[in-house]
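Participant: Structure in structure tokens, see below.
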Amino acid sequence: MFEKIDHIGIAVSDLEKSINFYRDKMGLEFKGTEIVDEQKVKVAFFPVGESKIELLEPTDPNGPVGKYIEKKGEGVHHLSFRVSNIEAKLEQLKEQGVTLIDETPRYGAGGAKIAFLHPKSTGGVLVELCEREPE
Ligand code: CMX
């Protein structure tokens with residue numbers, strides 16, 4: 001049911017500056033940006049092997065990434081696991097007492113179905129489940 005680490009989400013306050021680091025200094029392939037209104041972020045994608053780095057710049061200081069940067073500063077924000085059946089996995093985790101932020105999936109970057117687990121019930125890591133068509 002778990003297929004791979006889909007991406008690592010990194011909260012950044014200046015997307016252009018961070019793109020410059022990952023693309024021009026690290027030399028990663030840059031796959032462009034997308035605004036995800038529902039999550040109040042602008043996202044930049046860098047594939048690395050089977051996974052991706054996703055840089056997340058807040059488009060609204062009151063959104064989840066804006067609040068995160070204000071409290072903790074820039075850094076790793078969430079870990080996303082690719083699953084084949086997100087609804088079934090959410091149901092299973094709920095039965096096991098895991099606190100879900102999203103009881104049903106929403107749409108995230110790249111048209112993926114996504115849902116988050118609360119960091120209070122995962123040992124301090126914001127975990128995302130993600131289901132999407134294979135690239
Ligand atoms: N990783 C680990 N812990 C986190 C966290 C994160 N990314 N964000 C918040 N927390 C912790 C806080 O440190 C805080 O802990 P303490 O109570 O010990 O201080 C606790 O969670 C509550 O945090 P908060 O600042 O009061 O924020 P909220 O409860 O309002 O929201 C959360 C936290 C996780 C529920 C909210 O950020 C959320 O719903 N996130 C899911 C959506 C999201 O992050 N979207 C952006 C990415 C979208 C994409 O990939 O497309």
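The values are calculated or read from the model by the stated rules, or taken from the named source; none is laboratory data. Being a predicted model, the structure only gives us computed values, none of them experimental. Cβ placement follows ideal geometry from the backbone for every residue including glycine, while neighbour counts extend to all protein chains displayed. Quick note on the areas: whole protein, heavy atoms, side chains included, nothing else; ligands and nucleic acids left out. Shrake-Rupley method; radii C 1.70, N 1.55, O 1.52, S 1.80 Å.
Participant: To the nearest 10 square angstrom, how much accessible area does Glu133 have with a 1.4 angstrom probe?
Facilitator: Glu133 has an accessible surface of roughly 150 Å² with all protein chains in place.
Participant: Apply the Karplus curve 6.51 cos²θ - 1.76 cosθ + 1.60, θ = phi - 60°, to the phi angles in the stretch 54-67 and return the couplings in whole Hz, x for Gly and Pro.
Facilitator: So the J values, rounded to whole Hz, are 10, 8, 10, 9, x, 9, 8, x, 8, x, x, 7, x, 5.
Participant: By how many degrees, 0 to 90 and rounded to 10, does the Cα axis of helix 86-95 deviate from the longest principal axis of the chain?
Facilitator: 60 degrees
Participant: Now for a separate question. What residues from the stretch 1-17 fall in the zone where the backbone N is under 17 Å from a label point 7 Å along the Cα-to-C-beta line of Glu50?
Facilitator: 1-8
Participant: Give, as a single signed number, the net charge of other residues whose beta carbon lies under 15 Å from the beta carbon of Lys25, with Lys and Arg counted +1 and Asp and Glu -1.
Facilitator: Every neighbour counted, the sum reads -2.
Participant: Considering only DSSP beta bridges with both partners in the chain, what is the antiparallel share in %, to the nearest 5?
Facilitator: Values: 28 of 37 bridges.
For the chain, the DSSP antiparallel bridge percentage is about 75.
Participant: In deg cm²/dmol and to the nearest 500, what is the mean residue ellipticity at 222 nm of the chain if only DSSP H runs of at least 4 residues count, each as -39500 (n - 2.57), divided by the residue total?
Facilitator: -5000 deg cm²/dmol
Participant: Using only the Cα atoms, work out Rg/Rh for the chain, with Rh taken as the Kirkwood radius, to two decimals.
Facilitator: Details: Rg = 14.6 Å, Rh = 15.2 Å.
With Rg and the Kirkwood Rh in hand, the quotient comes to 0.96.
Participant: Taking all protein chains in place and a 1.4 Å probe, what share, in percent, of the accessible surface of the chain do carbon and sulfur account for?
Facilitator: The C+S portion of the solvent-accessible surface of the chain is 51 percent.
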